[in-house]
Amino acid sequence: MLFLSCVFVAISGHTSCAPQTHFIDTHTRRNEVGDYVIHWETLPLMEGKVDIFVSDNPHRFPDSPMMTEMISNQMATYDASDDVSRKFFLLVFNDRQAAITAARLPITDSSINMRDMGGYITASGYPVRWGMIARSGALLGMTDRDSALIDNFKIKSRLILSESVDHKENHGDLPGVETRIIPTIVPCNYDKRLSHILDGDVTPDMVKDMQVQYLTDLAYQNKAQFSEALHFFLDHKNYPILISDRLGKDRVGFLVMLIQCILDVSHNDIIHEYLESNQVLSASRMVPSGYTYPSEVQESLTEYYRCRESDLNAVMGTLIRRHGSIAKYIEDVLDVRMAEQRLLRKMLLFTGKVTPLSK
């Protein structure tokens with residue numbers, strides 16, 4: 001049986017935490033034909049072989065590996081039968097250490113900005129569970145293929161962070177999924193913002209300042225929305241959960257940052273997760289006619305859709321200065337007690353067994 005150690009996965013006959021001898025970093029993506037390209041790196045360098053187990057479930061793997069590679073190859077390709085199924089990979093290094101990896105971002109036809117929050121490693125060495133929380137923008141303009149991709153996330157509940165008080169905006173439907181819409185206290189009229197930018201009324205620097213202020217307003221003027229959202233995650237019956245807002249980067253980005261801080265994900269990984277939206281939300285993709293506008297308007301459009309490290313650092317710095325830590329902000333302002341934060345870590349961090357598919 002395969003067991004998870006304190007840091008990654010250890011192959012053992014017991015559940016005690018095996019000492020970590022190597023740091024293992026993994027990354028998986030799907031190439032242009034839909035096959036999985038699996039990368040790994042070990043520090044210090046490790047000799048030997050890596051067994052690769054494949055499953056549709058991140059918590060259950062077969063007893064036998066699908067393939068074996070030399071660790072020195074640092075990569076392997078898994079030929080997928082289609083480009084919509086979702087696979088998870090358990091990499092076992094020399095029968096001693098291992099890691100679970102998956103493609104975080106599905107390649108969608110529409111700009112729904114969807115991805116899995118799993119796989120990040122916390123300061124204490126535990127991985128965040130794959131397949132528990134996904135994030136996205138509005139599910140609009142989707143193709144049948146996009147719908148099939150989302151189906152493979154096996155979402156049970158969808159949490160929509162509304163940008164309006166009456167939450168009448170269209171976020172798209174997800175049939176068969178329980179949906180909770182949490183209204184805002186701080187409304188945001190994206191259409192009006194975009195209109196001002198296209199009219200040339202907003203400079204690129206104004207867009208940047210506006211975004212920092214917006215995130216800060218979310219933290220303090222919109223506390224009821226995020227408090228309700230975080231309490232939603234405390235009920236295990238709601239999982240897997242999809243968090244959505246219009247673009248999947250502002251309210252969703254702020255909430256994901258809060259969750260990652262509770263889980264003790266590293267600051268670098270929090271920033272990395274925030275910036276992943278830039279792979280989808282380019283100005284040219286969101287406003288195809290943008291190139292016809294004056295250069296300053298084009299630059300403002302770029303900044304409007306861009307996630308910037310400095311923006312998230314600014315709001316995180318404000319929370320830390322005012323409260324001592326983001327965990328204390330979550331407790332004092334959002335009313336999520338430290339015991340509840342510990343419960344969330346217990347639910348979302350992978351610390352137990354990897355169950356064989358034969359069980």
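The values are calculated or read from the model by the stated rules, or taken from the named source; none is laboratory data. Quick caveat: nothing in here was measured; it's all calculated off a predicted structure. Cβ: placed from backbone, ideal geometry, glycine included. Neighbour counts: every protein chain shown.
Quick notes on this structure:
- Selection over the stretch 54-74 of residues that are over 23 Å from the mean Cα position of the chain (by Cα) and within 23 Å of V33 (Cα to Cα) gives a count of 6.
- I38 vs. criteria at pLDDT 95 or above, crowded, with 17+ Cβ neighbours inside 10 Å, out of contact with any Lys or Arg (no Cβ under 6 Å at 6 or more places or on another chain) and of a type in the set (A, V, I, L, M, F, W, C): yes
- When the stretch 190-202 is filtered for residues that are without any contact (Cβ under 8 Å) to a residue 12 or more places away in the chain and exposed (fewer than 14 other Cβ atoms within 10 Å of the Cβ), the ones remaining, listed by number, are D191, K192, S195, D199, D201.
- Residues (touching a residue at least 60 places away in the same chain (Cβ under 8 Å) and under 17 Å from I155 (Cα atoms)) located in the stretch 83-101: V84, S85, R86
- Candidate set from the stretch 181-228 (those that are of a type in the set (K, R) and closer than 15 Å to S164 by Cβ); member that is nearest to the chain's Cα centre (by Cα): R193
- Residues in the stretch 134-149 that are surrounded by 22 or more Cβ atoms within 10 Å (Cβ to Cβ) and among the β-branched types (V, I, T): 0 in all.
- Here is the figure for the stretch 287-301: residues that are of a type outside the set (D, E, K, R), part of a helix (DSSP H, G or I) and surrounded by 16 or more Cβ atoms within 10 Å (Cβ to Cβ) total 5.
- Answer residue from the stretch 302-332, given it is of a type in the set (D, E) and free of Cβ contacts under 8 Å to residues at least 40 places away in the same chain and is surrounded by the most Cβ atoms within 10 Å (Cβ to Cβ) among those: E331
- Looking only at residues in the stretch 288-329 that are more than 23 Å from the chain's Cα centre (by Cα) and aliphatic (A, V, I, L, M), the one that is farthest from E273 (Cα to Cα) is V297.
- Only listed residue being among the polar types (S, T, N, Q) and touching a Gly at 6+ places or on another chain (Cβ under 7 Å), chosen from N57, N94: N94
- Considering the stretch 237-281, the residues that are in a strand (DSSP E or B) and more than 11 Å from the chain's Cα centre (by Cα) include one that is surrounded by the most Cβ atoms within 10 Å (Cβ to Cβ), namely S244.
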